[in-house]
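To start, the structure under review is shown below, and the notes come after it.
The values are calculated or read from the model by the stated rules, or taken from the named source; none is laboratory data. On a predicted model such as this, the values are computed, not experimentally measured, just so you know. Methodologically, a virtual Cβ is constructed for each residue, glycine included, from the backbone with ideal geometry; neighbour enumeration extends over all protein chains shown.
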Amino acid sequence: MAEVLEVIDISKSLKLITLKSLYLSKAKPGQFFIMQYQEKPERIPVFIMDADIERNAVSFLLQKSDDMVVTEAFENIKPGQKLHYVEGPAGKPFPQLEYKNILFVSINWGFAGIYNVAKHLKPKNKIDLAFINSDAVHLEDLRSYTGIFDSVYEFDSVEAFSKIDKPYDVVVSAGSNELAKELVSVYEDKNVLCAVITRMLCTVGLCLACRIQYDGKLKLPCVEGPWLEANKIDFDDLNRRHLILKEVLVRSRKS
């Protein structure tokens with residue numbers, strides 16, 4: 001179990017939560033964990049925003065959404081509470097390479113993963129941020145965390161996003177599969193890495209719930225991701241599976 005140390009309301013739809021966990025505090029940049037705030041709800045994959053090994057603590061963002069499991073956690077997690085289950089750190093760390101010029105593109109609570117990776121790449125790279133506003137999260141909500149970026153751009157929607165004409169070596173996105181798919185078409189000549197969003201029940205590749213079609217083959221983001229080349233992901237198949245799993249979850253709650 002992990003104890004909730006602090007809950008900060010960033011906005012009506014976004015909270016910054018800090019947990020006490022020795023194991024999670026050892027996470028490397030780009031890793032995540034899964035949590036279950038009570039016994040019955042489904043497990044939720046969560047990006048680590050910051051890890052403090054001296055305090056044995058990690059922080060992450062939790063966003064209220066149309067996902068009933070996430071929203072229940074958002075509304076019920078309180079300081080002093082011990083979460084029923086946490087597992088991690090999981091996934092492969094983000095490749096610590098010298099990319100030189102990086103564009104991070106973020107939407108919603110995906111900013112946690114972006115911030116975590118960007119902070120560690122900053123010393124050897126020039127890093128810019130393009131933030132996509134949504135109904136739930138706006139750039140102003142997270143403005144105090146954007147000081148690490150060399151330049152910050154703001155767009156009002158995924159559809160409004162336009163190519164930033166700079167010599168980026170890599171484009172990195174988190175927070176939306178739709179956004180990652182759009183970036184592949186906008187930056188056809190660039191390497192686009194994304195944190196793929198999928199359901200997860202374990203972090204060791206046994207349940208297969210997170211499986212995706214990747215470059216024509218089966219891939220498990222929980223152990224082989226979450227940072228993957230977006231142009232190799234079959235987003236149509238991924239979205240279809242998301243809808244099926246969502247319907248199953250709704251029916252199970254009603255039964």
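Regarding segment 151-170, can at least one residue be identified that is closer than 25 Å to Y37 by Cα and of a type outside the set (K, R)?
Looking for residues that are closer than 25 Å to Y37 by Cα and of a type outside the set (K, R), one finds none in segment 151-170, hence no.
Quick one: in segment 138-162, of everything that is of a type in the set (A, V, I, L, M) and within 17 Å of A180 (Cβ to Cβ), which residue is surrounded by the most Cβ atoms within 10 Å (Cβ to Cβ)? Give the derivation first.
Of all residues in segment 138-162, those of a type in the set (A, V, I, L, M) come to 139, 142, 148, 152, 158, 160.
Then keep just the ones that are within 17 Å of A180 (Cβ to Cβ); that gives 158, 160.
Working: V158: 18, A160: 10.
Among those residues, the one meeting the criterion is V158.
Please pick out the residue among A209, A230 that is within 24 Å of M68 (Cβ to Cβ) and among the aliphatic types (A, V, I, L, M).
A209
Determine which member of the set S65, S106 is among the small types (G, A, S) and outside the structural domain of G147 (by TED's automatic domain parsing).
Result: S65 is the single residue among S65, S106 that is among the small types (G, A, S) and outside the structural domain of G147 (by TED's automatic domain parsing).
When the residues of segment 170-190 are filtered to those that are hydroxyl-bearing (S, T, Y) and crowded, with 19+ Cβ neighbours inside 10 Å, which remaining residue is nearest to W227 (Cα to Cα)?
The selected residue is S173.
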